[in-house]
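S.K.: Below is one structure. I have some questions about it.
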Amino acid sequence: MKKMILLTTLFIVAIYFPILAQSAETKAEFFTTEVEIKGLVEKPMTLTVQDLKKRKGITGKDFVITSHTGAVRRTLDSYTGVLLKDVLDEAKIVMNSPKDRGKYYILITASDGYKVLFSYNELYSSNTGEQVFLLYEENGKPIEEDGAFVVICASDEITGPRHVKWVESVTVNRLD
Ligand SMILES: Nc1nc2c(c(=O)[nH]1)N[C@H]1C(S)=C(S)[C@@H](COP(=O)(O)O)O[C@H]1N2
Ligand SMILES: [Mo]
């Protein structure tokens, strides 16, 4: 009987170990160490966490991540990062006519292919712009599994969809 239990235990470990090992590997695969600011900007930039730390920081508390169904996934007790608009202003968006504002959008791309966009007017003509952050710390520490960069829109009602893990680039683009 004891042998039976031992064998069963070994069998379960043997099955689960590769699954656990694989999930750690998958996360490491998507982790990014730099974020590119590119597209229709005067000064494209490639930024590391160290680079972002030199910029004006923002902090926040109690960010609840909810899935599209409204169910709570998890909560960030605290977060640190920069205002996305500050980075875009530094890169300087190229726009010849102010009438083109409605055609511009900012695309956040993650290394797993996940994408989220913000319209230019959403960032620059509405309160939302004050709540879109590029984060490099969660709960007082560098972002581990989901990092090194995460974008959030803190004013969203359903916060999961525009919570972007493994951010790789921020691209300014336009329709037409
Ligand atoms: N890069 C990336 N970010 C992502 C996703 C994803 O698949 N890839 N899923 C989103 C969804 S649908 C949700 S609900 C939230 C929370 O998912 P989590 O619990 O895996 O963090 O992350 C969002 N961010
Ligand atoms: Mo989700």
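S.K.: Take the cross-link list 85/115; 43/103; 38/61; 56/103; 43/99 and give me the ones stretching past 26 Å between alpha-carbons.
M.R.: Table pairs above 26 Å Cα-Cα are 38/61; 56/103.
S.K.: Among 53-61, 68-76, 106-114, what's the highest-first ranking by average C-beta atoms within 10 angstrom per residue?
M.R.: Working: 53-61: 12.6, 68-76: 10.9, 106-114: 17.4.
Taking the mean over residues of other Cβ atoms within 10 Å, the ranking is 106-114, 53-61, 68-76.
S.K.: Per residue of the stretch 32-43, in order, report the coupling 6.51 cos²θ - 1.76 cosθ + 1.60 (Karplus, θ = phi - 60°) as ³J(HN,Hα) in whole Hz, putting x for Gly and Pro.
M.R.: Per residue, the Karplus-derived 3J(HN,Hα) values read 10, 10, 9, 10, 9, 10, 8, x, 7, 10, 5, 10 Hz.
S.K.: Something else now. If you count only protein heavy atoms and use a 1.4 Å probe, how large is the accessible surface of residue 77, to the nearest 10 Å²?
M.R.: 100
S.K.: Follow-up question, since we're still on this one. Need one value: the accessible area of residue 31 in square angstrom, 1.4 angstrom probe, rounded to the nearest 10.
M.R.: 80
S.K.: Sequence gap at least 6, Cα distance under 8 Å: using those rules, report the relative contact order of the stretch 110-176 to the nearest whole percent.
M.R.: This gives 33 percent for the stretch 110-176.
S.K.: Sticking with this one: What is the packing order of peptides 155-162, 91-98, taking the mean over residues of other C-beta atoms within 10 Å and listing the highest first?
M.R.: Order by mean packing, descending: 155-162, 91-98.
S.K.: Related question: Step through the residues of the stretch 150-157 one at a time and calculate ³J(HN,Hα) from phi using the Karplus curve (6.51 cos²θ - 1.76 cosθ + 1.60, θ = phi - 60°), rounding each to whole Hz and writing x for Gly and Pro.
M.R.: Running phi through 6.51 cos²θ - 1.76 cosθ + 1.60 with θ = phi - 60° gives 10, 9, 10, 10, 5, 8, 4, 7 Hz.
The values are calculated or read from the model by the stated rules, or taken from the named source; none is laboratory data. Keep in mind that this is a model prediction, so the values were computed, not measured. Note: ideal-geometry Cβ built from the backbone for every residue, glycine included; neighbour counts use all protein chains shown. Ligands, DNA and RNA are stripped out before the accessible areas are found, and what is left, the full protein with its side chains, is counted by its heavy atoms. Shrake-Rupley method; radii C 1.70, N 1.55, O 1.52, S 1.80 Å.
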